[in-house]
Amino acid sequence: MELRRVLTSAIDDLRVGYCTSFLLHDVEVSRITRSPLLLRVRVGTVKSRVHRARLFLRGRLAGYMTGELGAAPDDSASSS
């Protein structure tokens, strides 16, 4: 339950475009060719957003797993 809370919090901290792209592609399992149509952006934009979102989430979860609950090393996908 705690890991789920950390993951949900990290997803909530993503920029809107990154969050939407990530959720559509990885959670809703939308095809990479369909996501751009829904988001009205280019395929490359969706790929980039999903990649950066994954890096951000990986960093945030790594911090949780090692006990360093801080920001991810690359905060470029965060909303701040």
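Just so it is clear, none of the values below were taken in a lab; they were calculated from the coordinates. All of these numbers come straight from a predicted model, not from anything done at the bench. Backbone-built Cβ (ideal geometry, glycine too); neighbour counts: all protein chains shown.
The table for this structure:
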{"item": "GluC sites (Glu not before Pro) restricted to the stretch 1-74 and DSSP loop, no more than 10 other C-beta within 10 Å", "result": "68"}
{"item": "Quotient of Cα Rg and 2.2 N^0.38 Å for the stretch 1-73, N being how many residues it contains", "result": "1.15"}
{"item": "Distance in nm between pseudo-label sites at residue 7 and residue 45 (7 Å out along the Cβ direction from Cα)", "result": "2.8 nm"}
